[in-house]
Amino acid sequence: KSVLYIAGSLKRADPDIPERRVLMRALRDTNLAKLSKDDVYVFMGLIRSLFPNLQEPKKSKPTLEKALLEQCKSMGNVPGDNDVFILKCVQYEEILHVRHSVFILGPTGCGKTDMWLSLIHIS
């Protein structure tokens, strides 16, 4: 259901986008946030197999990313290699628009609390 919801919102935002691109982006954006680092590699291989020769750039939210980076620095946190913390915050924010209930899982000290606190402070 969430893939259809995302696909519908993508299509409404840009009616001229081909349906292949809409479906690929909806599948990718809906599932990436839920996968571990190891599973992302396998999942992206499946996406490339289902949609050969289709390179869709990652969706970016520059305003949100900049605000999160500033909030991260003000909290005394380091965003990590390739701003992985910022990426996870953006994915969490996107999934909150689709899901009614979200669990944040991970080992102690990985940034679970700081992630949702960062989003609260910038909203």
*Membrane-span-like helices in the chain: DSSP H runs reaching 15 Å or more (Cα, own axis), mean Kyte hydropathy at least -0.5?*
2-13, 37-50, 62-74, 84-96, 112-122
*Send over the Kirkwood Rh of the stretch 23-76, from the inverse of the averaged 1/r over different Cα pairs, rounded to one decimal Å.*
13.1
*Per DSSP H run of at least 4 residues, take -39500 (n - 2.57); add these up for the chain, divide by its residues and hand me the 222 nm value, nearest 500 deg cm²/dmol.*
-19500 deg cm²/dmol
*Treating the beta-carbon of each Lys and Arg as +1 and of each Asp and Glu as -1, no other charges, what is the dipole magnitude of the chain about its Cα centre, to the nearest 20 debye?*
300
_Area accessible to solvent at M44, 1.4 Å probe radius, in Å²_ = 50
_Spatially proximal aspartates and glutamates relative to K37 (Cα-Cα < 12 Å; intrachain offsets below 8 disregarded)_ = none
_Contour excess over end-to-end distance, with Cα ends at E65 and D16 and 0.36 nm allotted per residue_ = 14.9 nm
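The values are calculated or read from the model by the stated rules, or taken from the named source; none is laboratory data. Quick caveat: nothing in here was measured; it's all calculated off a predicted structure. Ideal geometry is used to build each Cβ from the backbone, glycine not excepted, and the neighbour counts take in all protein chains shown. What goes into the accessible areas is simple: the full protein's heavy atoms, side chains included, and nothing from ligands, DNA or RNA. Shrake-Rupley method; radii C 1.70, N 1.55, O 1.52, S 1.80 Å.
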